[in-house]
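The values are calculated or read from the model by the stated rules, or taken from the named source; none is laboratory data. As the structure is a computational prediction, the values presented were derived from the model and not from experiment. Cβ sites come from the backbone with ideal geometry, for glycine too, and all protein chains shown count toward neighbours.
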Amino acid sequence: MAGVTRTIPGRVEASAWQAAVTSANASSTDLVVKAGTAAKKITVRALIIAVDTSLTVTVKDEDGTTLAGPFYIPAYGLAPLSFPAEAPLRVTTADKNLEVSTSGAGNITVTATGFLYD
């Protein structure tokens, strides 16, 4: 269907974001990947999680609701996760953070991309 443009309600391209964070221990204090934004909700299209110690990693919102995982990642492992446009990972409450927590101490790096929606 040439010339047809599909609009996704609530999606504004200008609200695209990318974040990269690191921590030596996300087991006692959750690692904030993307801070909540006034009146906006967070949608994640891709996550890359890397660790140097065997860890179980859970992706959640700041209220502790699990959004994805837990994922067991072996030492020096990498977990590339992608979420299709039809089923993205979403923090469904405005002004809430996207966070990860781990099962123990160990270095972790999380890179994420997505967009904000109303």
>> Just to be sure before I move on: is Lys34 buried (at least 17 other Cβ atoms within 10 Å of the Cβ), closer than 12 Å to Val100 by Cβ and either at pLDDT 95 or above or in contact with a Phe, Trp or Tyr (Cβ under 9 Å, 6 or more places away or on another chain) (or both) in the structure I sent?
In response: yes
> Taking interchain pairs and intrachain pairs at least six residues apart, which have beta carbon atoms under 7 angstrom, with the first residue in the stretch 10-28 and at positive phi and the second in a strand (DSSP E or B) and at pLDDT below 90?
Replying inline: Gly10/Tyr117
> Any idea which residue in the stretch 80-111 is farthest from Ser27 (Cα to Cα), counting only those that are among the small types (Gly, Ala, Ser) and surrounded by 18 or more Cβ atoms within 10 Å (Cβ to Cβ)?
Replying inline: Gly106
> In the set Thr29, Thr22, which member is farther than 22 Å from Pro74 by Cβ and either surrounded by fewer than 19 Cβ atoms within 10 Å (Cβ to Cβ) or not basic (Lys, Arg) (or both)?
Replying inline: Thr29
> For the stretch 78-102, which residues satisfy the criterion of being closer than 10 Å to Ile42 by Cα and hydrophobic (A, V, I, L, M, F, W, C)?
Replying inline: Leu89, Val91, Ala94, Leu98
> Quick one: Pro74 ticks every box in (1) surrounded by fewer than 16 Cβ atoms within 10 Å (Cβ to Cβ); (2) modelled with pLDDT under 95 bar one, so which box is it?
Replying inline: (2)
